[in-house]
Amino acid sequence: MLAKILSATAEGIDAKLVEVEVDVGAGMPHFNIVGLPDTAVQEARERVRTALRNCGFSFPARRVTVNLAPASLRKCGSDFDMAIAVGILAATGVVPLSIEETVMVGELSLSGEFRPVNGILPIAHSLSKDDRPYRMFLSHHNAREGAIVEGIEIYGFRDLIQLVDFLRGKNPLSPTTIEREKLFSYANQDEDFSEVHGQRLGKRALEIAAAGGHHLLFVGPPGSGKTMLAKRLPGILPLLTLEEAIEVTKIHSVAGLISGDRPLVTQRPFRSPHHTISDVALVGGGQWPRPGEISLSHHGVLFLDEALEFKRNVLDALREPLEEGQITISRAAMTMTYPAKFTLVCSCNPCPCGYLGDNKRSCTCSTGQILRYRSRLSGPFLDRMDLQVDIPRLDFSDLSSNTSEEPSGDVRVRVEKARQIQRDRFPAEGIRVNGEMRVRHIKRFCTSTREADELLKKSIEQLALSARAYHRILKVARTIADLSGDEKIEVEHVAEAIQYRTLDRKYMEW
């Protein structure tokens, strides 16, 4: 007898429906799975066989063939265990044969319990866009994650026995529901601006970066507060909208970073990988392409502490995602595209010992050591850093000050006002913030006064900045004007934006 059960698998942050066809026919006892399954799918034979027996069901002593359609789509993971087990029970008459518009996704343990799998939110989100009234059967561990999506019924089951009783009508079960708005009570930031004394220029640069989505580089001696400042950037970014939170959660779900008690990512991501990270781990990859750190930072912050300790090829791998806002990973098996719209914050020392230009300690590095150290940061990569800020050593008066500093919440209010100006400016441009502007947008929206143009011209000639740096200055000046509520870019906006490019010449010339 033939049974057909719907299942699904995540493909990037989208999903594909898979029809699990189970045929139990005459012949020598044999259990075969076809349809381009990987090793994990093939191993479902032993998991399903053992789980059925341990739950008190007999495994048919006949020829069992499972086809995962479409056969041209490669199948990986343990997502299909539930559908295969129910398909065998349906084909042998244990449960009703007709189970329409029900998508089953889950892994079986040998005892028959359902275990969670990755990528549930992308699957549920894709199904909700279909006109058909789907419902999903999942492990109870995944039920809250799936219930985030509206327009689809989610049922969570502990084990195979509970599922079979439900299909037989012996165990009524209500769909899992969740109040999505209440999940945002998790969005509490531990790091606050009020804890940082001094470093006025660094704080101002963070505010501009948050308001316009600009990438930021801090340069200064050890212990000057670069890392402390960077960790406070998420606290002044606008709170995630529900749409953004779902998009971020889909990426984290595919990566297996979602827990049952917190099924929705409600905070801006802050990722800080170690400097030994590989380029594959940073941008994503593998035989079955998975998201890397840049995609996990989507709508958040990617912080590279001691950036010059990272391998140069790792840093250069960031150049395309910084421009495009996404990363396409091509492998022999498939090609995946993951979103990667993040704010990049880098910090580094000016030299190997860290004290070049410091007014308290002398640098002990030779010229050759300094040049080799700086060569890890290429000119094109440096051009993409909109804000380059010198973070000097703090004086004792700043460290011991009892002055009340401005909290992150007050800064966020100004940032959100500037972001609203940008949303009103770009309703039909396909971009959200000034940092994403292309040349055509800059020519249209970065209107400046004659005095501002003259100052910009002189600065470009004297600093010998590239064309990309010129456009970066205009974008930063546009954000500064938005923070001030000015329609045109004035000379003071350009003057402030230019000072954030001085590190091009001060530290990084080679």
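The values are calculated or read from the model by the stated rules, or taken from the named source; none is laboratory data. Note that the structure is predicted; figures quoted are calculated from it, not measured. Glycine gets a Cβ as well: all are built from the backbone with ideal geometry, and neighbour counts include every protein chain shown. Please note that ligands, DNA and RNA were not included when accessible areas were found on the heavy atoms of the full protein model with its side chains. Shrake-Rupley method; radii C 1.70, N 1.55, O 1.52, S 1.80 Å.
What to note about this one:
- Residue within the stretch 192-200 that is charged (D, E, K, R), free of Cβ contacts under 8 Å to residues at least 60 places away in the same chain and more than 30 Å from F57 (Cβ to Cβ) present: yes
- Residue that is nearest to I99 (Cα to Cα), among those in the stretch 136-191 that are more than 33 Å from the chain's Cα centre (by Cα) and open to solvent by 80 Å² or more (accessible area, probe 1.4 Å): R168
- Residue in the stretch 129-148 that is modelled with pLDDT of 95 or more and of a type in the set (S, T, Y) present: yes
- Restricting I460, I480, I489 to those that are surrounded by 21 or more Cβ atoms within 10 Å (Cβ to Cβ) and more than 30 Å from the chain's Cα centre (by Cα) reduces the list to I489.
- Verdict on A281 being free of Cβ contacts under 8 Å to residues at least 24 places away in the same chain and either touching a Cys at 6+ places or on another chain (Cβ under 6 Å) or in the same structural domain as R312 (by TED's automatic domain parsing) (or both): yes
- Of all the listed residues (F426, F396), the sole one being over 19 Å from L483 (Cβ atoms) and aromatic (F, W, Y) is F396.
- Qualifying residue in the stretch 419-429 (condition: among the small types (G, A, S), in contact (Cβ under 8 Å) with a residue 12 or more places away in the chain and under 24 Å from A340 (Cβ atoms)): no
- Put simply, of A464, A477, A452 the only residue that is farther than 22 Å from R414 by Cα and touching a strand residue (DSSP E or B) at 6+ places or on another chain (Cβ under 6 Å) is A452.
- Yes/no for V95 being β-branched (V, I, T), assigned by TED's automatic domain parsing to the domain that holds I148, in a loop (DSSP other than H, G, I, E, B) and open to solvent by less than 20 Å² (accessible area, probe 1.4 Å): yes
- All positions within the stretch 1-49 that are assigned to a helix (DSSP H, G or I) and touching a residue at least 40 places away in the same chain (Cβ under 8 Å): A44, R47, V48
- Any hit, the stretch 286-297, residues being outside any loop (DSSP other than H, G, I, E, B), over 13 Å from the mean Cα position of the chain (by Cα) and aliphatic (A, V, I, L, M): no
- Some residue of the stretch 51-67 being in the same structural domain as V164 (by TED's automatic domain parsing), in a helix (DSSP H, G or I) and basic (K, R): yes
- Filtering the stretch 287-332 to residues that are charged (D, E, K, R) and crowded, with 19+ Cβ neighbours inside 10 Å leaves R290, E293, D305.
- Taken together, S259, S272 contain a single residue that is at pLDDT below 90, open to solvent by 40 Å² or more (accessible area, probe 1.4 Å) and either polar (S, T, N, Q) or more than 26 Å from H141 (Cβ to Cβ) (or both), which is S259.
- Here is the figure for the stretch 276-286: residues that are open to solvent by 40 Å² or more (accessible area, probe 1.4 Å) and under 26 Å from L73 (Cα atoms) total 2.
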